[in-house]
Amino acid sequence: MKQPTLQLFNTLNRTLSPFHTIDPKKVGLYACGPTVYDYAHIGNLRTYLFVDILKRVLQINGYQVNHVMNITDVGHLVSDGDSGEDKMEKGARKQHLSAWDIATFFEDAFFADLERLNIIQPSITCRATDHIQEQIYFIQSLEEKGYTYQTSDGLYFDTEKLFDYGKLARLDKHGLEAGIRVDMAEKRHPTDFALWKFSGRQKRQMEWSSPWGDGFPGWHIECSAMAEKYLGEIFDIHIGGEDHIPVHHTNEIAQCQAKNGQVQANFWMHGYFLNLNNEKLSKSGVSLRLESLIDQGYEPLAYRYLTLTSHYRSHLSFTWEGLAGAQKALRRLRERITVMPAGGAVDDQLKAEFLARINRDLNMPQALALAWKVIDSEIEPANKKATLLYFDQIFGLDLGREEQVTIPTQVQHLAEQRKRMKQQGRYSEADAIREQILALGYQVNDSVDQSCAIKPR
Ligand SMILES: Nc1ncnc2c1ncn2[C@@H]1O[C@H](COP(=O)(O)OP(=O)(O)OP(=O)(O)O)[C@@H](O)[C@H]1O
Ligand SMILES: [Zn+2]
């Protein structure tokens, strides 16, 4: 398919822009991965579902996607402003395990959640602790270029050295400095951030020697170093949750610009938060796991369906009623598809309409609405099925899974009533009931035995 039919919202210039790639057939995609100090919550998973949808949309547009995702298993401090404890060491204390053990445990749990949600695995997964040397080289290069300074607790990036620091977030750097009230310790500017932190007097579970002393890398440097290793100095898309805009991605850009003279990705995309009771879900605060939804009897894909009902650039409020609605809609969609015959062809016009919707900045709510329109359309049932299964390459909802069709008792009663009317020769009343059944989304087939004569329309 020829470019540029796909349009994506680029946070860098705040516009919906035609998507152009560096290589005509390939996309380099870097997604910031989880910090594995606890279970992922369904908010984190919303972001990975968004990445998955983007990847599927790129693939259906004919691109081969080289998808790299990191695992943050060291260096992410409790405060994004680079103060406080390392989340891994804190998590290890809480779980009474070593930092290495919790990293392995929660990484496995994370991938199990991805699988349950039909999220396609990244092409490359890379851990921060497996790339310490790459991070040290990156920092050395920044040091040689004069972007660093040392304090008693680490080596820092001097954000004042970059004239356009903070452009991704449109930060008012000087305004920030004037209004700053927090203790900056020995940092020269509030936005400066750690590249390497010293272990200090207390021995850490995770530490390495470096030209600056024993310690561990800062959080932002891991993504810059690993993205460069696997995707090169410049690639197509960098993606993460909206909280990455002001700090993590801003600092990643600063490091790469300082080292290589350019912003490392052409497109920056951000998924908005999932909230619960108007609060952002977070591992350390209000949390809710996929496991809890399963415990309540929901299938993981009902949650996937729920996330498709809102655009990725809108906040989504989680409610149990919303999830129940999503579960019901998903079952109903599968029931309707189950009874359609196989062997049809994808409808060209509906396919074009679908591509137009998903290619306009991944408009999944509109794409879902189209699926329901297909269900109610006049096209041949076999072609409906083929078209919906084509859509499912993007939805990832297992729409081809056979769903046991359960006819509501109300519909069964109406069908029995209609049968009696017909036996008594009261045909116009029987026809009126048939219409009533149709309005409820079912049809009666008179040519077969009454017990299997009702099916979803
Ligand atoms: N409520 C949320 N809704 C959607 N995405 C989220 C939410 N909270 C975090 N994310 C995203 O999830 C991804 C993984 O985040 P990470 O594992 O680093 O979480 P964290 O910052 O350690 O913990 P927390 O969930 O407490 O913020 C990131 O891209 C982040 O932006
Ligand atoms: Zn990152």
Label-point gap, in nm, between residue 427 and residue 13 - each point 7 angstrom along Cα→Cβ: 6.8 nm
Accessible area of residue 104 in the full protein assembly, 1.4 Å probe (Å², nearest 10): 80 Å²
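Give, in nm to one decimal, the length gained when the segment between residue 288 and residue 369 is fully stretched (0.36 nm per residue of separation minus the Cα-Cα distance).
Numbers: separation 81, 0.36 × 81 = 29.16 nm, distance 2.78 nm.
Net length gain for the segment: 26.4 nm.
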The chain - mean residue ellipticity at 222 nm from DSSP helices (-39,500 (n - 2.57) per run, n ≥ 4, rounded to 500): -13500 deg cm²/dmol
Simple Cβ-charge dipole of the chain, Lys/Arg +1 and Asp/Glu -1, about Cα centre, in debye nearest 20: 1360 debye
Percent carbon-and-sulfur accessible area, segment 53-185, ignoring ligands, DNA and RNA, probe 1.4 Å: 50 percent
For segment 290-322 versus segment 110-169, the gap between their alpha-carbon centres in whole angstrom: 31 Å
Virtual spin-label span in nm between residue 172 and residue 20, 7 Å along Cα→Cβ: 3.4 nm
Residue 105 - accessible surface, heavy atoms, 1.4 Å probe, Å² rounded to 10: 100 Å²
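Considering only DSSP beta bridges whose two residues both sit in the chain, what percent are antiparallel, to the nearest 5? Mind dumping the intermediate values first?
Values: 23 of 46 bridges.
That works out to approximately 50 percent antiparallel.
For a Förster distance of 41 Å, can you work out the FRET efficiency between the beta-carbons of residue 279 and residue 332, rounded to the nearest 0.05? Could you put the intermediate results ahead of the total?
Working: r = 31 Å, r/R0 = 0.77.
So the FRET efficiency works out to roughly 0.85.
Pairs to check: 25/373; 259/283; 87/280. Give those whose C-alpha atoms are more than 22 Å from each other in this structure. Numbers along the way, then the final one.
Details: 25/373 32 Å; 259/283 33 Å; 87/280 18 Å.
Violating the 22 Å Cα-Cα cut-off are 25/373; 259/283.
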Label point distance in nm, residue 446-residue 346, each placed 7 Å from Cα along Cα→Cβ: 3.9 nm
Heavy-atom accessible area order for 96, 249, largest first, 1.4 Å probe: 96, 249
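Calculate the FRET efficiency for residue 160 and residue 398 from the Cβ-Cβ distance with a Förster distance of 60 Å, rounded to the nearest 0.05. Mind showing how you got there, number by number?
On the way: r = 52 Å, r/R0 = 0.87.
Efficiency computed from Cβ-Cβ geometry: 0.70.
Probe of 1.4 angstrom, ligands and nucleic acids ignored: what's the accessible area per residue over segment 121-264, in square angstrom?
On the way: 6160 Å² over 144 residues.
Solvent-accessible surface per residue comes out at 43 Å².
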Solvent-accessible surface (1.4 angstrom probe) belonging to residue 299, in square angstrom, nearest 10: 40 Å²
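Could you calculate the contour length gain from residue 108 to residue 356, that is, 0.36 nm times the residue separation minus the distance between their Cα atoms, to one decimal place in nm? Spell out each step's value before the answer.
Details: separation 248, 0.36 × 248 = 89.28 nm, distance 3.67 nm.
Answer, rounded to one decimal: 85.6 nm.
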Listed residues 339, 389, 300: farthest to the positive end of the dipole of segment 277-395 (Cβ charges): 300
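The values are calculated or read from the model by the stated rules, or taken from the named source; none is laboratory data. If you're wondering where the values come from, they're calculated on a predicted model, not measured in any experiment. Please note: Cβ atoms are built from the backbone with ideal geometry, for glycine as well, and neighbour counts cover all protein chains shown. When the accessible area is computed, the model is the full protein with side chains, heavy atoms only, and any ligands, DNA or RNA have been set aside. Shrake-Rupley method; radii C 1.70, N 1.55, O 1.52, S 1.80 Å.
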